[in-house]
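What follows is a set of notes on a single structure, which appears directly below.
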Amino acid sequence: MSEGYTGVKFTTVFKNKVPPHHPDLALLKEWCRIFHEKGLAPPYPGGSYGNLSFRTDRGSFIITGTCIGLKDTLGDDCFVEVHDCNITAKEIMITGIRPPSSESFMHFTIYQNRPDVQAIFHGHNQHITQNAAKLGIPETAEEVPYGTLELAESVKEILGTHNFIVIKEHGFVAMEKTMLLAGTLASDWLEKTV
């Protein structure tokens with residue numbers, strides 16, 4: 001997390017400019033709160049370092065919007081449903097009223113390559129990222145700018161069947177079959193570092 005947040009690096013295409021609706025949104029909001037409280041998504045002015053998502057049965061995924069403070073009381077309008085990504089054009093097609101998280105390309109790439117993954121929780125905690133090698137956590141090869149296709153590709157390169165990885169000098173990604181398992185996995189790794 002060596003650079004400050006400066007915004008998204010793609011074009012948002014609004015298919016439907018209304019907040020997404022899904023019965024699992026309440027659980028995602030709860031995990032956003034937990035990530036803030038545990039220091040897994042530290043705040044910055046105007047938002048939090050971290051983004052959480054879950055896959056829907058509609059072939060899409062719902063993710064936190066950009067510049068969302070995870071400690072806040074979150075309404076449905078703080079979330080975005082991503083329907084598709086055009087990697088070549090750097091476009092993301094969504095339902096929502098704000099752009100999706102800057103790491104939407106990474107979430108999209110993981111969901112495309114891991115049909116078993118139903119929830120992706122990306123957070124930032126220096127205890128985890130600085131101890132990846134000592135803890136035996138798979139780590140991307142080099143530091144790349146956040147929100148880029150290069151970052152998504154670096155994650156894809158080490159993805160394999162791993163459910164927890166570290167993005168070098170950046171953050172971690174917990175990927176599981178449920179939000180509960182993804183959140184618990186991140187929390188368990190945090191406990192191993194303190």
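The values are calculated or read from the model by the stated rules, or taken from the named source; none is laboratory data. Please read these numbers as outputs of a predicted model, since none were measured by experiment. Counting neighbours? That spans all protein chains shown, and the Cβs are built from the backbone with ideal geometry, glycine included.
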Could you check, for segment 155-174, whether at least one of its residues is assigned to a helix (DSSP H, G or I), closer than 25 Å to Thr11 by Cβ and without any contact (Cβ under 8 Å) to a residue 24 or more places away in the chain? no
Residues of segment 134-165 being over 12 Å from Phe105 (Cα atoms) and touching a Phe, Trp or Tyr at 6+ places or on another chain (Cβ under 9 Å), which ones? Leu135, Ile137, Pro138, Phe164, Ile165
Take segment 21-45 and flag every residue that is among the aromatic types (Phe, Trp, Tyr) and at pLDDT 95 or above. Trp31, Phe35
Cys85 fails exactly one of the following numbered conditions: (1) touching a Leu at 6+ places or on another chain (Cβ under 9 Å); (2) buried (at least 20 other Cβ atoms within 10 Å of the Cβ). What is the number of that condition? (1)
If the requirement is being crowded, with 19+ Cβ neighbours inside 10 Å, under 19 Å from Leu151 (Cβ atoms) and not aromatic (Phe, Trp, Tyr), which of these qualifies: Ile62, Ile128? Ile128
Picking from Tyr44, Tyr49, Tyr111, which residue would you name as being surrounded by fewer than 16 Cβ atoms within 10 Å (Cβ to Cβ) and aromatic (Phe, Trp, Tyr)? Tyr44
Selection status of Ser102, in contact with a strand residue (DSSP E or B) (Cβ under 8 Å, 6 or more places away or on another chain), closer than 17 Å to Leu151 by Cβ and at pLDDT below 95: yes
Options Gly123, Gly147, Gly183, Gly160: the member that is on the phi > 0 side of the Ramachandran plot, modelled with pLDDT of 95 or more and either surrounded by 20 or more Cβ atoms within 10 Å (Cβ to Cβ) or out of contact with any Asp or Glu (no Cβ under 6 Å at 6 or more places or on another chain) (or both): Gly160
Within segment 10-20, does at least one residue satisfy the condition of being of a type outside the set (Ser, Thr, Tyr) and at pLDDT below 95? yes
In segment 60-96, which residues are among the charged types (D, E, K, R) and closer than 14 Å to Thr11 by Cα? Asp84, Lys90, Glu91
For Pro19, the lone unmet condition from (1) surrounded by fewer than 18 Cβ atoms within 10 Å (Cβ to Cβ); (2) part of a loop (DSSP other than H, G, I, E, B); (3) in contact (Cβ under 8 Å) with a residue 40 or more places away in the chain; (4) not β-branched (Val, Ile, Thr) is (1)
Quick one: Ser104 ticks every box in (1) among the small types (Gly, Ala, Ser); (2) buried (at least 22 other Cβ atoms within 10 Å of the Cβ); (3) free of Cβ contacts under 8 Å to residues at least 12 places away in the same chain except a single one, so which number is it? (3)
